[in-house]
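**Student:** This is the structure, below, for whatever I ask next.
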Amino acid sequence: MKVKLGKVIQLNPREQISKGKVAKKIAMDNLEPYTREVSGYDLDIYKGGTKFRNKDTLLARITPCLENGKTAYVNILDDNEVAFGSTEYFVLRAKKELIDPLYLYYLSISRKFRTVAIKSMTGTSGRQRVQKDSILNYEFDLPQMEEQKRIAKMIGCLDDKKVLNDKINDNLSKLQQLNLSQLINRKLYKIVKIGDLEIIVSDHVANGSFKSLKDNVSYFDNPNYALFIRNIDFKKDLDGNKKYIDKKSYNYLKKSHLFGGEVVISNVADVGSVHRVPFIKKPMVVGNNQIFIKSKHFSMTDYLYVYFQSFWGQSSISSITSGSAQQKFNKTDFRSLEIPIPSEKWIQSNISPYVTLQDKIFNENQSLKQIKATLLNHCF
């Protein structure tokens, strides 16, 4: 049955929160790209904003948040609780006798719906917003309620599995840090300069060199191009990144090539931000203002990843960071850092198994994402 979305939902339904009342606030930063779950909330005094309840869909209506996939299904509130958030949300509430709330969420992240919403954006550059009428007038085939629930459950199982995987990953990170803490407290290590370890510490691209490459950054998936990874991209989905550079630029940046498994640390801006490059089967190159570390012994790379995420590792980076207008550190000072290094046997027992399992979970999540995309395309 063909229907317009406005016939089966309430858009920005009216809710009440008294001014000055403390309530849960779900900010735009609490919406992760292409993720069903809301990552968290703050308790804040209500002064204004969009209001919503459980089973509502939050759709970012401003650029670039919508293009980045910031759409979430609210399921972290108590019964009958009203929360608030950004005025840059559209709240989509299902008329439950007509459309299943979870089915509505999956409809809102389908490629067809997103294409229509994005094309409707108007406004000045950088402040473009989705038009309300494009949402209300969006026409689609609405199956019977039983079929809606079947589709929502089928796709929802994939998201449920990802939620479980993410919790396991968080627990693995906590175990890594607990083991590292025991290592430090028991002094089961020797102090070694980073420069004396058998590792590669990369040269990063200088700002001037990077600017000269900007014209060569493309958004087309081409087998002759390499993924261009900036620090901010690690906070998104690397495998879904669509920034590529051509072969000539890739060869020019040969000291910054990534192949998987490297530890990448930002040395400017978000100083000390630590990431690990997953094993993606595409050529990759790291952007400017980052260094990467890699050892021929994967276990040492695993240890350095866990160490620089820790309180001790972050303190080490802080000790060489300087600058008033812009905080940064240089590679020479980084190589001079003295850090605790345990035995290879200790790393292989207490760190590497957890990192290896996290890699397996990452790969499983990638497979879940691909299956979900296929189902969304088929069902919507």
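**Student:** Can you find, within segment 167-196, the residue that is nearest to Ile351 (Cα to Cα) among those that are among the basic types (Lys, Arg) and in a helix (DSSP H, G or I)?
**Tutor:** Lys174
**Student:** Something else now. For segment 95-114, which residues satisfy the criterion of being open to solvent by 10 Å² or more (accessible area, probe 1.4 Å) and among the aliphatic types (A, V, I, L, M)?
**Tutor:** Within segment 95-114, Leu98, Leu102, Ile109 qualify.
**Student:** Now for a separate question. (1) open to solvent by 20 Å² or more (accessible area, probe 1.4 Å); (2) more than 26 Å from Thr115 (Cβ to Cβ): which one isn't true of Leu77, the others all being true?
**Tutor:** Of everything listed in (1) open to solvent by 20 Å² or more (accessible area, probe 1.4 Å); (2) more than 26 Å from Thr115 (Cβ to Cβ), Leu77 misses just condition (1).
**Student:** Also, quick follow-up: Quick check on my filter: what residues within segment 50-69 are open to solvent by less than 50 Å² (accessible area, probe 1.4 Å) and under 19 Å from Ile9 (Cβ atoms)?
**Tutor:** Hits for segment 50-69 are Thr50, Lys51, Phe52, Asn54, Asp56, Thr57, Leu58, Leu59, Ala60, Leu66.
**Student:** Could you list all residues from segment 261-284 that are over 23 Å from Ile317 (Cα atoms), β-branched (Val, Ile, Thr) and not in a loop (DSSP other than H, G, I, E, B)?
**Tutor:** The answer is none; no residue qualifies.
**Student:** Among all residue pairs at least 6 apart or on different chains, which show Cβ distances below 9 Å where the first residue, located in segment 269-288, is over 14 Å from Phe329 (Cβ atoms) and the second is among the β-branched types (Val, Ile, Thr) and in a loop (DSSP other than H, G, I, E, B)?
**Tutor:** Met284/Val277; Val285/Val205; Val286/Val205; Val286/Val277; Gly287/Val205; Asn288/Val205
**Student:** Do you know which of the residues in segment 264-291 that are open to solvent by less than 10 Å² (accessible area, probe 1.4 Å) and touching a Ser or Thr at 6+ places or on another chain (Cβ under 6 Å) is nearest to Asp233 (Cα to Cα)?
**Tutor:** Val286
For every residue, the table says whether it meets (1) open to solvent by 80 Å² or more (accessible area, probe 1.4 Å); (2) outside any helix (DSSP H, G or I); (3) of a type in the set (A, V, I, L, M, F, W, C); (4) at pLDDT 95 or above.
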position: Ala325; (1), (2), (3), (4): yes, yes, yes, no
position: Thr332; (1), (2), (3), (4): yes, no, no, no
position: Thr356; (1), (2), (3), (4): no, no, no, no
position: Asp359; (1), (2), (3), (4): no, no, no, no
position: Phe362; (1), (2), (3), (4): no, no, yes, no
position: Asn365; (1), (2), (3), (4): no, no, no, no
position: Ala373; (1), (2), (3), (4): no, no, yes, no
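**Student:** Also, I was wondering about something else. Mind listing just one residue for me: the one in segment 1-49 that is touching a Gly at 6+ places or on another chain (Cβ under 7 Å) and within 30 Å of Asn165 (Cβ to Cβ) and, of those, least open to solvent (accessible area, probe 1.4 Å)?
**Tutor:** Ile26
**Student:** Considering only segment 18-91, give the strands (runs of 3 or more DSSP E) lying wholly within it that have at least 1 residues that are among the hydroxyl-bearing types (Ser, Thr, Tyr) and within 18 Å of the chain's Cα centre (by Cα).
**Tutor:** It comes to 71-73.
**Student:** Please identify the pairs in which a residue from segment 249-263 that is touching a residue at least 12 places away in the same chain (Cβ under 8 Å) and at positive phi has its Cβ atom under 7 Å from the Cβ atom of a residue that is surrounded by fewer than 18 Cβ atoms within 10 Å (Cβ to Cβ) and of a type in the set (Phe, Trp, Tyr), counting only partners at least 6 apart or on another chain.
**Tutor:** Gly260/Phe279; Gly261/Phe279; Gly261/Phe298
**Student:** Based on what the data block shows, is Gln182 within 30 Å of Ile341 (Cβ to Cβ), open to solvent by less than 70 Å² (accessible area, probe 1.4 Å) and modelled with pLDDT of 95 or more?
**Tutor:** No, not satisfied.
The values are calculated or read from the model by the stated rules, or taken from the named source; none is laboratory data. What you are looking at is a predicted structure, and each value in this text was computed from that prediction instead of being measured. All Cβ positions, even for glycine, are placed from backbone atoms using ideal geometry, and neighbour counts span all protein chains on display. Heavy atoms of the whole protein, side chains included, go into the accessibility calculation; ligands, DNA and RNA do not. Shrake-Rupley method; radii C 1.70, N 1.55, O 1.52, S 1.80 Å.
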